[in-house]
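Single-structure report; data block below.
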Amino acid sequence: AQSVTQLGSHVSVSEGALVLLRCNYSSSVPPYLFWYVQYPNQGLQLLLKYTSAATLVKGINGFEAEFKKSETSFHLTKPSAHMSDAAEYFCAVSEASGYSTLTFGKGTMLLVSP
Amino acid sequence: NAGVTQTPKFQVLKTGQSMTLQCAQDMNHNSMYWYRQDPGMGLRLIYYSASEGTTDKGEVPNGYNVSRLNKREFSLRLESAAPSQTSVYFCASSEGLVGQETQYFGPGTRLLVL
């Protein structure tokens, strides 16, 4: 069975500081990994995804994530936070086995202060 | 191009009442999903449909039924609502294989069961 653990339900940063949101996964087969973002009162939208190509994945709005198989991690980073990055972020995993639903983590709320 | 639309946006029910949540997508996607989002729980899959005419249970199907009416529409029915079904419900769709492609989410339906 697959699972996702997001460390920290809330992360606070100052504007201009590094953003680091942690995600560890468990999967018995090679995974596909996703980061989604949810702005207040909206649905989720894709930030980036890893599907077994390059291990460093670049997404929208300056975010990127690195797949590290040895650490079973897929942490999300951004060099410099903007106020507009304040949102809830979800890591998700599926199995690259041809037929597997997405399993989401519990989410991390990113708070950005001026 | 509206993407994924959901109706209603907000609903209040009394315990024991029934209702149907509607979802439609105009992207010609094969797969559609229903999730519920509860605070601190992330998104949990209720049901999904890999193609027109097929539906499968997700992680939390009890108390719900679904219908894939055609390729565009996927409805979720609560036959006898319970307070535990108070939640935000999201519909999503994706092209290609379940769990391996980007999912596109609707804006959500906020349901309160008294």
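The values are calculated or read from the model by the stated rules, or taken from the named source; none is laboratory data. If you're wondering where the values come from, they're calculated on a predicted model, not measured in any experiment. Every residue, glycine among them, receives a Cβ derived from its backbone with ideal geometry; neighbour counts consider all protein chains shown. To get the accessible areas, we keep the full protein, side chains included, count just its heavy atoms, and leave off ligands, DNA and RNA. Shrake-Rupley method; radii C 1.70, N 1.55, O 1.52, S 1.80 Å.
The table below gives the values:
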{"read-out": "Rounded Å value of the spacing that divides the Cα centres of region A:29-59 and region B:38-74", "value": "21"}
{"read-out": "Ellipsoid equivalent to the protein assembly as shown - semi-axes via the Cα gyration tensor, in Å", "value": "29, 21, 16"}
{"read-out": "Threshold 20 Å², region B:18-66 residues less accessible with all protein chains present than alone (1.4 Å probe)", "value": "B:35, B:37, B:40, B:41, B:42, B:43, B:45, B:48"}
{"read-out": "Chain B - percent of accessible surface contributed by carbon and sulfur, probe 1.4 Å", "value": "50"}
{"read-out": "Cα shape, chain B, gyration tensor, a/c 1.5 rule", "value": "prolate"}
{"read-out": "Mean separation of Cα contacts under 8 Å (6+ apart) over length of region B:29-114, as relative contact order %", "value": "30"}
{"read-out": "For region A:27-114, the spread of Cα positions along each principal axis, largest first, Å", "value": "43, 26, 19"}
{"read-out": "Gain upon complete extension [residue A:83, residue A:29; 0.36 nm per residue less C-alpha separation]", "value": "15.7 nm"}
{"read-out": "Other protein chain Cβ atoms within 10 Å, averaged over every residue that makes up B:99-109", "value": "6"}
{"read-out": "Globularity ratio of region A:52-97, using Cα Rg and 2.2 N^0.38 Å", "value": "1.29"}
{"read-out": "Relative contact order [Cα under 8 Å, 6+ residues apart], region A:1-84, whole percent", "value": "33"}
